[in-house]
């Protein structure tokens, strides 16, 4: 691959990264509680992206492409997971709304770095849009007759690094604004808003999977 090709791929990855998606909202919500946990969630997402790159490289992703049924169930699993994240956080935020107004801390599930990493990883692994990206876009940049696994890993590393840096920026920005965000009323609305968006994304994925 030429440098121009790599730059074109990197530009595409950057464009996709800055488009808000489940990972962005998940990292933002976790970062409201802990910048370290938010960065861990970003790292989990990056590692999961590399897993998708490996699947493409060894040809397993082709099975998903050829089997509409398998891909549909992957979308259903991803949608259910996002729906679970959103609804569970909304329920916890509502239950702890009164105590947080008194104590002055962010409502909802408390994330440590390990839990943040796991949440970020599962969100990306079960996000069908990430799989679709690797299935549809990455193979277009693999030269004919080249080393498929090696090229896929290089492209996957580029996408993973760009996505990680963007999510880290989101986490740091949230941490910098923590003094304002931790106001009880603001944190409660942000918690509910981001959780609702995640749940809505999950419903959208489920709707698209059942309609296909």
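What follows draws every value from the coordinates through simple rules; no lab data is involved. Remember, predicted model here, so these are calculated numbers, not experimental data. Reconstructed Cβ throughout: ideal geometry from the backbone, glycine too, with neighbour counts over all protein chains shown.
Label-to-label distance for residue 129 and residue 84 is 2.1 nm, based on points extended 7 Å past Cα in the beta-carbon direction. Taking label points 7 Å from Cα along the Cα-to-Cβ direction, residue 114 and residue 150 give a separation of 3.8 nm.
Extending 7 Å from Cα along the Cβ direction at residue 137 and again at residue 177 yields two label points whose distance is 2.5 nm.
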